[in-house]
Amino acid sequence: MTSVKRSECIDDITLHEAIKRVINEYGSTTVEEITLRVNEYGLYERKDKKPIPKNQIRARIRKYPHLFIIEDGKVYLNDKNKILSIEAFVGGYFGSSYQVSIDLENNTATYKKLEDGYEIINDREFMIEYAKIEKFRSELESIRILKWEKEYFAPVLDGTSWSVIIKTADGQFESRGSNAFPRNWNRFCSSIEKIIMSEFR
């Protein structure tokens with residue numbers, strides 16, 4: 001089996017993404033084996049350049065129970081929470097609005113920009129590179145988007161409304177709001193803009 005070196009990986013890979021890569025390649029395995037592979041192939045680099053200790057790997061796995069499951073001394077991916085697709089909208093009747101749909105399994109996306117009265121002025125479909133899809137999925141996992149509340153609302157007329165619909169292997173998650181946003185909203189918008197190379201705000 002050909003192992004993935006850091007030079008072949010996504011830039012700025014997170015530790016939990018490095019752990020996922022080991023499990024994807026070698027299957028369910030022990031924390032010790034994950035630690036060995038992460039260090040051997042340089043999948044994650046600490047600021048002090050020292051090897052990743054086993055306790056840091058174990059702590060990260062426990063911090064992300066929505067991504068990992070530990071059973072009988074082995075670590076498994078929690079596939080039921082794997083994000084398969086996402087639809088997102090932000091805007092209002094007056095001014096600019098944006099609508100995005102991304103299929104993370106087939107690496108495809110659609111993007112629409114709308115102006116006053118929801119008139120479509122930009123409508124395109126495109127493919128996305130696999131590496132960018134994986135980076136995007138990792139960013140969504142990092143902001144714990146599946147932990148957002150169902151609704152965020154502030155009593156303001158007009159303004160900005162938004163919605164997010166996510167399909168996972170276990171079902172569908174929805175969150176929406178008007179003039180109120182989850183804590184990681186700006187980071188979410190930035191992640192969308194990076195993968196579609198267009199405005200979403």
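Among the residues of the stretch 119-142, is there at least one that is over 18 Å from the mean Cα position of the chain (by Cα) and not in a strand (DSSP E or B)? Can you show your working first?
Going through the stretch 119-142, the residues over 18 Å from the mean Cα position of the chain (by Cα) turn out to be 119-126.
Okay, now just the ones that are also not in a strand (DSSP E or B), so none.
No, the stretch 119-142 has no match at all.
Mind checking which residues of the stretch 176-189 are of a type outside the set (Phe, Trp, Tyr) and either more than 18 Å from the chain's Cα centre (by Cα) or within 22 Å of LYS135 (Cβ to Cβ) (or both)?
Kept after step one, since they are of a type outside the set (Phe, Trp, Tyr), are these residues of the stretch 176-189: 176-180, 182-184, 186-187, 189.
Scanning the stretch 176-189 gives GLY177, SER178, ASN179, ALA180, PRO182, ARG183, ASN184, ASN186, ARG187, CYS189.
Which is touching a residue at least 12 places away in the same chain (Cβ under 8 Å) and either open to solvent by 20 Å² or more (accessible area, probe 1.4 Å) or polar (S, T, N, Q) (or both), of GLU115, GLU119?
Values: GLU119 fails: touching a residue at least 12 places away in the same chain (Cβ under 8 Å).
Just a single option satisfies the conditions, and that option is GLU115.
Conditions tested, residue by residue: (1) open to solvent by 40 Å² or more (accessible area, probe 1.4 Å); (2) outside any helix (DSSP H, G or I); (3) closer than 21 Å to TYR111 by Cβ.
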{"site": "VAL164", "(1), (2), (3)": "no, yes, yes"}
{"site": "ARG176", "(1), (2), (3)": "yes, yes, yes"}
{"site": "CYS189", "(1), (2), (3)": "no, no, yes"}
{"site": "ILE192", "(1), (2), (3)": "no, no, yes"}
{"site": "PHE200", "(1), (2), (3)": "no, yes, yes"}
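If you go through the stretch 162-177, how many residues are farther than 24 Å from LYS80 by Cβ and either aromatic (Phe, Trp, Tyr) or at pLDDT below 95 (or both)? Give the steps one after another, and end with the answer.
Our first condition is that a residue be farther than 24 Å from LYS80 by Cβ; within the stretch 162-177, this holds for 162, 177.
With the extra rule that they be either aromatic (Phe, Trp, Tyr) or at pLDDT below 95 (or both), the set shrinks to 162.
Going through the stretch 162-177 one residue at a time, the tally reaches 1.
For the list (1) farther than 22 Å from ASN81 by Cβ; (2) at pLDDT 95 or above, I need the number of the one condition that VAL156 fails.
(2)
For the structure I just gave you, tell me whether PHE181 is among the aromatic types (Phe, Trp, Tyr), under 17 Å from GLY92 (Cα atoms) and either outside any strand (DSSP E or B) or modelled with pLDDT under 90 (or both).
Values: among the aromatic types (Phe, Trp, Tyr): yes; under 17 Å from GLY92 (Cα atoms): yes; either outside any strand (DSSP E or B) or modelled with pLDDT under 90 (or both): yes.
When the stated conditions are applied, PHE181 passes them.
Taking the condition in contact with a Cys (Cβ under 7 Å, 6 or more places away or on another chain), exposed (fewer than 15 other Cβ atoms within 10 Å of the Cβ) and either under 19 Å from THR14 (Cα atoms) or among the basic types (Lys, Arg) (or both), does ARG144 pass? Break it down stepwise before answering.
Numbers: in contact with a Cys (Cβ under 7 Å, 6 or more places away or on another chain): no; exposed (fewer than 15 other Cβ atoms within 10 Å of the Cβ): yes; either under 19 Å from THR14 (Cα atoms) or among the basic types (Lys, Arg) (or both): yes.
No: the conditions fail for ARG144.
Output yes when any residue across the stretch 140-151 is touching a Pro at 6+ places or on another chain (Cβ under 8 Å) and without any contact (Cβ under 8 Å) to a residue 40 or more places away in the chain, and no when none is.
Taking every residue of the stretch 140-151 in turn, at least one turns out to be touching a Pro at 6+ places or on another chain (Cβ under 8 Å) and without any contact (Cβ under 8 Å) to a residue 40 or more places away in the chain.
Can you give me the ranges of the helices (runs of 4 or more DSSP H) entirely in the stretch 1-107 with at least 3 residues that are open to solvent by less than 10 Å² (accessible area, probe 1.4 Å) and either hydroxyl-bearing (Ser, Thr, Tyr) or modelled with pLDDT under 95 (or both)?
Details: elements: 15-26, 31-40, 54-63.
Of the helices (runs of 4 or more DSSP H) lying wholly inside the stretch 1-107, those with at least 3 residues that are open to solvent by less than 10 Å² (accessible area, probe 1.4 Å) and either hydroxyl-bearing (Ser, Thr, Tyr) or modelled with pLDDT under 95 (or both) span 15-26.
Is it the case, given these coordinates, that LEU67 is within 30 Å of GLY159 (Cα to Cα) and hydrophobic (A, V, I, L, M, F, W, C)? If you could, list the steps in order and put the result at the bottom.
Numbers: within 30 Å of GLY159 (Cα to Cα): no; hydrophobic (A, V, I, L, M, F, W, C): yes.
So LEU67 does not fit the description; no.
The values are calculated or read from the model by the stated rules, or taken from the named source; none is laboratory data. This one's a predicted model, so the numbers in the text were calculated from it and none came from an experiment. A quick note on method: Cβ atoms are made from the backbone with ideal geometry, for glycine too, and the neighbour counts reach across all protein chains shown. All accessible areas refer to the heavy atoms of the entire protein, side chains included, with ligands and DNA or RNA removed. Shrake-Rupley method; radii C 1.70, N 1.55, O 1.52, S 1.80 Å.
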